[in-house]
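The values are calculated or read from the model by the stated rules, or taken from the named source; none is laboratory data. Please read all numbers here as calculations on a predicted model, not as lab measurements. All Cβ positions, glycine included, derive from the backbone under ideal geometry; neighbour counts span all protein chains shown.
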Amino acid sequence: MIKLCERCGTPFRITPSRARRRFCSQACVVEPVANRFWKFVNKSPNCWEWTGCRDEHGYGSLYVSSYRNERAHRFSWILHNGPVPDDLHVLHHCDNPPCIRPDHLFLGDRTTNAHDRHIKGRSRGGSLAGELNGNAGLTNAQAEDIRKDHRSSYVIARQYGIGKTTVNNIRSGRTWSGALSPSDGRATK
């Protein structure tokens, strides 16, 4: 028995036991990803917001095949500009994770991404020095006091509730070097 696919119109052969089959292949069963993509886009005069699933950071997520999801802004780039080279990321000019508007997106490598994040004041972790670092447990003043304190690392560590290694790293300048003022007697670079 021959039937026509309801999606693409291609004739396909079926057995009587599969007479209820409506599509020629699994690819035709699933609605084309580009059609599904636009159902989850809310276009406004500024950003085009993704209204579908989002990850914990607010980036949209789109099911593109039986084995992979794609971030919505990345899929938007691919849809409008073609493939993204393996070593590049799709970044936002607007700093709005659910935005998928093509002219708000640009390509960049990991360094560009980190620099963009830092310039826009969104860095957390190692890229900001001193108390600006979101993981900091001390203030700049405390770090400077630790550097000037000549007691044992153990005593200082207990006083501030930090580890001896942290005290030693502050004293040697491996960490908290941004917390120092030139008046501490050390040469500045």
Looking only at segment 11-29, and only at residues there that are outside any strand (DSSP E or B) and touching a Phe, Trp or Tyr at 6+ places or on another chain (Cβ under 9 Å), the one that is nearest to Phe75 (Cα to Cα): Val29
Given the conditions (1) in a strand (DSSP E or B); (2) assigned by TED's automatic domain parsing to the domain that holds Gly108; (3) more than 21 Å from the chain's Cα centre (by Cα), every one holds for Ser61 apart from (3)
Go through (1) in contact (Cβ under 8 Å) with a residue 40 or more places away in the chain; (2) within 22 Å of the chain's Cα centre (by Cα) for Asp55 and report which single condition fails. (1)
From the option list Asp116, Asp87, single residue qualifying as acidic (Asp, Glu), over 25 Å from Phe40 (Cβ atoms) and at pLDDT 90 or above is Asp87
Of the residues in segment 101-121, how many are loosely packed, with under 14 Cβ neighbours inside 10 Å and in a loop (DSSP other than H, G, I, E, B)? 3
Just give me the residues in segment 134-164 being of a type in the set (Asp, Glu) and surrounded by 18 or more Cβ atoms within 10 Å (Cβ to Cβ), in sequence order. Glu144
I'd like the residue in segment 59-100 that is among the aromatic types (Phe, Trp, Tyr) and buried (at least 17 other Cβ atoms within 10 Å of the Cβ) and, out of all such residues, is farthest from Pro32 (Cα to Cα). Tyr59
